[in-house]
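Colleague: Here it is: the structure, laid out below.
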Amino acid sequence: MLTIAHLKRGQRAIIKSFEVENVPLKLLEMGCLPGNEVMVVQQAPFRDPLYLNINGSHLAIRKETAALIEIELL
Amino acid sequence: MARQINVALIGNPNTGKTSVFNRLTGLNQQVGNYPGITVEKKQGVCKLDRGLKAHIIDLPGTYSLNASSLDENVVIELLLNKNDKDFPDVAIVVADVENLKRNLLLFTQIKDLGIPAILAINMADRMKRKAISVDIAALEERLETKVVLVSSRKNEGFDTLKELVINHTTLSTKPCVNASVIAPEYFGRLKKAFPNQDLYKLWLVITQDVNFGKLERGELNTIATFQTESKSNLKRLQQKETIARYQFINGVLKETLTIDTANAKDFRSRLDRILTHKVWGYAIFFGILMLIFQVIFDWSSYPMDFIDSSFASLSEWVKNTLPPGDFTNLLAEGIISGLGGIIIFIPQIAFLFLFIAILEESGYMSRVVFLMDRIMRRFGLSGKSVVPLVSGTACAIPAIMATRNIESWKERLITILVTPFTTCSARLPVYLIIIALVIPEQRVLGIFSLQGLTLMFLYLLGFGAAIFSAWLLNKFLNIRSKTFFVVEMPNYKVPMFKNVAITVIEKTKSFVLGAGKIILAISIILWVLASYGPGDFNNASAIVMQEESSNSLSEEELETKIAAFKLEKSYIGIMGKAIEPAVQPLGYDWKIGIAIVSSFAAREVFVGTLATIYSVGSEEEETIKNRMAAEVNPVLGTPRFNFASGVSLLLFYAFAMQCMSTLAVVKRETNSWKWPMWQLIAMSAIAYVVALGAYQFLK
Ligand SMILES: Nc1nc2c(ncn2[C@@H]2O[C@H](COP(=O)(O)OP(=O)(O)O)[C@@H](O)[C@H]2O)c(=O)[nH]1
Ligand SMILES: [Mg+2]
């Protein structure tokens, strides 16, 4: 399964789906919803956490959360 | 009397609520706490016109009405409780023009609650550069409310905003998104069970995570038990709700907002590439910390020397001018010396708050969170723990409150427990005076002052102690809690002068007033205890004269001997002697012992206490520092404050838990006495052992 955790810096993708229960509601509210575009802006050392641009929102999440969100490359 | 209406400022974090608040209220504001919890509550008054005043509350930032932290919960509690005296007559929803889509999510929720809501789109000054344009009239029509573009930075749009607030009664309260579209069947059942309640309000109460302590729900209490769906189903419904809201918002914005995305490679991404870089990012962060500590030490010395000498002359002036007597002595020796001991630190405290405010305001703090998360996680902390640990250098109390946005309870608890190790500004007075006494005034490599480096080392030691104990706690605390971590990375901003100035003034004022009260009380008590005594105290001159009759002493020497004898036989001397055996192995005498004991109320009391004890009975007024330098160890004949005892004292203050207010806050934040008591015992024990080791090794 391809997830946000696999994205390289600057790569864009579309969020496909994820198990709602595992992902914090706050992330959904910030725009992490199926169909929205996601891009990795920066990675901290060891690719964790990831600094993302999701649907125009800039936010950072940990790799473990990113690995739960399935994507489709653009 | 003017009529008053309640206005609440609501919005996502970093949209400029506080800036709007500052524009509307100026310095006409107070910062307090919400009852029972330690979320900061800012309120102020703004004169509208026609004899109308607005009582404005700056609510904590929140992304939605689904609370996931204590902070956000305050917002929901207020909006759900019509009987609250602060319940808004009208809400101003502050949005950032660059993040309109996300900001509107919260707006639609507030509107759906039936609260009149004005949409204030802030940061209008950035629209030109970002090629953003908003069709206000169309937006007003689609959202069925009033919309205003404002710029807190340029002070534009506020007259219109005030006008809208005055006319708030004309606002429509029709919902944007009908709640029952989320799940018709479920909402149908809800409606049947509670026919008189507002559906959306019911839904909010049912879905709130209730992990934040006892909430005042009033009449709504009963429905919290209405749970016809499993938790995961409820969450699925919340996702549906979010999607429905975004659908509505996308529809609205498609017609009203245009952004020319041509200039995508902007300032922000260029700056991010450096500031969050794998190597440069860390180097810059470290450099900034280094700069802050150098500045605090170097720049503040000028105003501090001035304050120091002013207080010494003031005290002398009082002694020489007022009629001699107990009251004059109390004023000159107790109160003025005690207050001088705290006022002298205003420059440094103000500088520290200045830097922290700038780091927060500029948006840089979030980058630090991003950079540090992985490293902090190793020690059981979160990237978000960096903010408490850095603001802990100002004061542990707001720092502990700043842990509220850490999502995982274990990470948050560990952060709360270790934050008091960071060097708060109350330790600064002690450090500075001891460093000035025992560390030579030299420069290293021609630029860094050795004293500045020592101070920096103490700050690093504080961080080190915090990190190390976090690692231990992480190993031994057996708490399971779900960890997740979402941080917004705001745009970089040039800090607004007004915001920074207000923060510095507010925080410094509350520090000085808070500490000032304790210090004043303690100086008076100490002065009384040092100026009176039982038995021998009252015959001091006779006894000393008799003892010394064989030695031919000058008048002056005799006076000094009498004063010293009196101090020893006073109440405080007797108490000090009683605890002396406990502090002697650390290199202290009973006077320092008393200072340490009294600083369990608050650390900054140390200097004031010594000032009071030393000045009692001494004829000429000297500055505290000179007086301390002159103090000798009668057994060894060396200065009392030498390298060994100085280092021992520095280490003691670095580790000891000496602050009642911090303990009280920890109790409130953790909801039990267990954690603050552990903190007190463990930290004091560590302090004692380390100081003991250092003195015995160095002496
Ligand atoms: N360019 C610009 N920046 C602003 C404006 N209002 C606030 N800011 C900046 O936005 C940041 C967040 O502001 P603040 O009032 O602390 O937001 P809050 O978190 O919502 O209280 C700060 O860096 C402010 O200086 C504005 O009108 N224009
Ligand atoms: Mg604010």
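Colleague: Considering every residue within segment B:87-95, establish whether at least one is away from ligand 2 (no atom under 16 Å from the Cβ), over 25 Å from B:Gln247 (Cβ atoms) and open to solvent by 30 Å² or more (accessible area, probe 1.4 Å).
Modeller: Narrowing segment B:87-95 to residues away from ligand 2 (no atom under 16 Å from the Cβ): B:87-90.
With over 25 Å from B:Gln247 (Cβ atoms) added as a condition, the list becomes B:87-90.
Of the ones still in play, those that are also open to solvent by 30 Å² or more (accessible area, probe 1.4 Å) are B:87, B:89.
Scanning segment B:87-95, I find at least one residue that is away from ligand 2 (no atom under 16 Å from the Cβ), over 25 Å from B:Gln247 (Cβ atoms) and open to solvent by 30 Å² or more (accessible area, probe 1.4 Å), so the answer is yes.
Colleague: Moving on to the next point. Considering segment B:243-292 alone, what residues qualify as being basic (Lys, Arg), open to solvent by 80 Å² or more (accessible area, probe 1.4 Å) and either within 10 Å of chain A (Cβ to nearest Cβ) or touching a Lys or Arg at 6+ places or on another chain (Cβ under 8 Å) (or both)?
Modeller: Kept after step one, since they are basic (Lys, Arg), are these residues of segment B:243-292: B:245, B:254, B:265, B:268, B:270, B:273, B:278.
Imposing the further condition that a residue be open to solvent by 80 Å² or more (accessible area, probe 1.4 Å) reduces the set to B:254, B:265, B:270, B:273, B:278.
The answer is B:Arg273, B:Lys278.
Colleague: Now a separate question. Any residue at all in segment B:587-597 that's in contact (Cβ under 8 Å) with a residue 40 or more places away in the chain, of a type in the set (Val, Ile, Thr) and in contact with a Pro (Cβ under 9 Å, 6 or more places away or on another chain)?
Modeller: No, segment B:587-597 contains no residue that is in contact (Cβ under 8 Å) with a residue 40 or more places away in the chain, of a type in the set (Val, Ile, Thr) and in contact with a Pro (Cβ under 9 Å, 6 or more places away or on another chain).
Colleague: Out of everything in segment B:41-61 that is more than 16 Å from ligand 1 (Cβ to nearest atom) and open to solvent by 30 Å² or more (accessible area, probe 1.4 Å), what residue ends up being farthest from the chain's Cα centre (by Cα)?
Modeller: B:Arg50
Colleague: Return the pairs, sorted by first residue and then second, in which the second residue is open to solvent by 40 Å² or more (accessible area, probe 1.4 Å), the first residue lies in segment B:43-60 and is part of a loop (DSSP other than H, G, I, E, B), the beta carbons are less than 7 Å apart, and the residues are 6+ apart or on different chains.
Modeller: Pairs found: B:Leu48/B:Lys162; B:Gly51/B:Arg3.
Colleague: Does any residue in segment A:33-47 that is more than 7 Å from every other protein chain (Cβ to nearest Cβ) come within less than 8 Å, Cβ to Cβ, of a residue that is aromatic (Phe, Trp, Tyr) and crowded, with 19+ Cβ neighbours inside 10 Å six or more places away or on a different chain, and which pairs are these?
Modeller: A:Pro34/A:Phe18; A:Val40/A:Tyr51; A:Gln43/A:Tyr51
Colleague: Then there's this: Of all residues in segment B:344-380, which are open to solvent by 40 Å² or more (accessible area, probe 1.4 Å), more than 15 Å from ligand 1 (Cβ to nearest atom) and either in contact with a Lys or Arg (Cβ under 7 Å, 6 or more places away or on another chain) or over 13 Å from B:Tyr282 (Cα atoms) (or both)?
Modeller: Within segment B:344-380, B:Ile346, B:Phe351, B:Arg377, B:Arg378, B:Phe379 qualify.
Colleague: Name the single residue, out of those in segment B:139-168 being among the β-branched types (Val, Ile, Thr) and touching a residue at least 40 places away in the same chain (Cβ under 8 Å), that is surrounded by the fewest Cβ atoms within 10 Å (Cβ to Cβ). If you could, list the steps in order and put the result at the bottom.
Modeller: Narrowing segment B:139-168 to residues among the β-branched types (Val, Ile, Thr): B:145, B:147-148, B:150, B:160, B:165-166.
Checking the rest, the ones that are also touching a residue at least 40 places away in the same chain (Cβ under 8 Å) come to B:150, B:165-166.
Values: B:Val150: 27, B:Val165: 24, B:Ile166: 16.
Looking at the filtered set, the residue picked out is B:Ile166.
Colleague: Can I ask one more? For segment B:48-61, give me each residue that is modelled with pLDDT of 85 or more, more than 14 Å from ligand 2 (Cβ to nearest atom) and in contact with a helix residue (DSSP H, G or I) (Cβ under 9 Å, 6 or more places away or on another chain).
Modeller: So the first thing to find is which residues in segment B:48-61 are modelled with pLDDT of 85 or more, and the list is B:48, B:52-61.
Narrowing further to those that are more than 14 Å from ligand 2 (Cβ to nearest atom): B:48, B:52-55.
Scanning segment B:48-61 gives B:Leu48, B:Leu52, B:Ala54.
Per-residue answers, yes or no, for (1) over 30 Å from B:Ser269 (Cα atoms); (2) away from ligand 2 (no atom under 16 Å from the Cβ); (3) part of a strand (DSSP E or B):
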position	(1), (2), (3)
B:Val500	no, no, no
B:Glu506	yes, no, no
B:Leu520	yes, yes, no
B:Ser523	yes, yes, no
B:Leu529	yes, yes, no
B:Gly533	yes, yes, no
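Condition check ((1) buried (at least 18 other Cβ atoms within 10 Å of the Cβ); (2) among the polar types (S, T, N, Q); (3) modelled with pLDDT under 90) across all residues:
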residue	(1), (2), (3)
A:Asn22	no, yes, yes
A:Asn36	no, yes, no
A:Val40	yes, no, no
A:Ile61	yes, no, no
A:Ala66	yes, no, no
A:Ile69	yes, no, no
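Colleague: Residues of segment B:272-323 being of a type in the set (D, E, K, R) and assigned to a helix (DSSP H, G or I), which ones? Give the derivation first.
Modeller: Applying the first criterion (of a type in the set (D, E, K, R)) to segment B:272-323 yields B:272-273, B:278, B:298, B:305, B:308, B:316, B:319.
Matches in segment B:272-323: B:Asp272, B:Arg273, B:Asp298, B:Asp305, B:Asp308, B:Glu316, B:Lys319.
Colleague: Return a yes/no flag: does segment B:84-96 have any residue that is within 14 Å of another protein chain (Cβ to nearest Cβ) and not charged (D, E, K, R). Talk me through it step by step, then tell me what you get.
Modeller: Taking segment B:84-96 as the starting set, the residues that turn out to be within 14 Å of another protein chain (Cβ to nearest Cβ) are B:95-96.
Next cut, not charged (D, E, K, R) only: B:95.
Within segment B:84-96, one or more residues are within 14 Å of another protein chain (Cβ to nearest Cβ) and not charged (D, E, K, R).
Colleague: Which helices (runs of 4 or more DSSP H) sit wholly inside segment B:324-413 and have at least 1 residues that are within 14 Å of chain A (Cβ to nearest Cβ)?
Modeller: Passing ranges, in order: B:364-378, B:386-391.
Colleague: I've got another one for you. Spot the failing condition for B:Leu473; the list is (1) at pLDDT 90 or above; (2) more than 22 Å from B:Gly363 (Cα to Cα); (3) surrounded by fewer than 17 Cβ atoms within 10 Å (Cβ to Cβ), and only one is missed.
Modeller: (3)
Colleague: Please enumerate the residues belonging to segment B:11-29 that are away from ligand 2 (no atom under 11 Å from the Cβ) and either in a strand (DSSP E or B) or aliphatic (A, V, I, L, M) (or both). Spell out the reasoning first.
Modeller: As a first pass, look at segment B:11-29 and keep what is away from ligand 2 (no atom under 11 Å from the Cβ): B:23-29.
Selection gives B:Leu24, B:Leu27, B:Gln29.
Colleague: Being surrounded by fewer than 21 Cβ atoms within 10 Å (Cβ to Cβ) and modelled with pLDDT under 90: is that true of B:Asp71 here?
Modeller: Numbers: surrounded by fewer than 21 Cβ atoms within 10 Å (Cβ to Cβ): no; modelled with pLDDT under 90: yes.
Against the criterion (surrounded by fewer than 21 Cβ atoms within 10 Å (Cβ to Cβ) and modelled with pLDDT under 90), B:Asp71 does not qualify.
Colleague: Regarding B:Ser64, is this residue modelled with pLDDT of 90 or more and over 16 Å from B:Leu161 (Cα atoms)? Step through it out loud before you land on a result.
Modeller: Working: modelled with pLDDT of 90 or more: yes; over 16 Å from B:Leu161 (Cα atoms): yes.
So B:Ser64 fits the description; yes.
Colleague: Still on this structure, I have one more. Of everything in segment B:414-452 that's over 21 Å from B:Ile356 (Cβ atoms) and assigned to a loop (DSSP other than H, G, I, E, B), which residue is least open to solvent (accessible area, probe 1.4 Å)? Can you show your working first?
Modeller: Of all residues in segment B:414-452, those over 21 Å from B:Ile356 (Cβ atoms) come to B:414, B:417, B:433-451.
Those still in the list that are assigned to a loop (DSSP other than H, G, I, E, B) too: B:439-442, B:445-447.
Working: B:Ile439: 22, B:Pro440: 65, B:Glu441: 167, B:Gln442: 103, B:Leu445: 152, B:Gly446: 60, B:Ile447: 107 Å².
So, considering only residues that are over 21 Å from B:Ile356 (Cβ atoms) and assigned to a loop (DSSP other than H, G, I, E, B), the one least open to solvent (accessible area, probe 1.4 Å) is B:Ile439.
The values are calculated or read from the model by the stated rules, or taken from the named source; none is laboratory data. Predicted model only: the values in this text are computed from it and were never measured. Please note: Cβ atoms are built from the backbone with ideal geometry, for glycine as well, and neighbour counts cover all protein chains shown. Remember, those area values only see protein heavy atoms, side chains included, never the ligands or the DNA or RNA. Shrake-Rupley method; radii C 1.70, N 1.55, O 1.52, S 1.80 Å.
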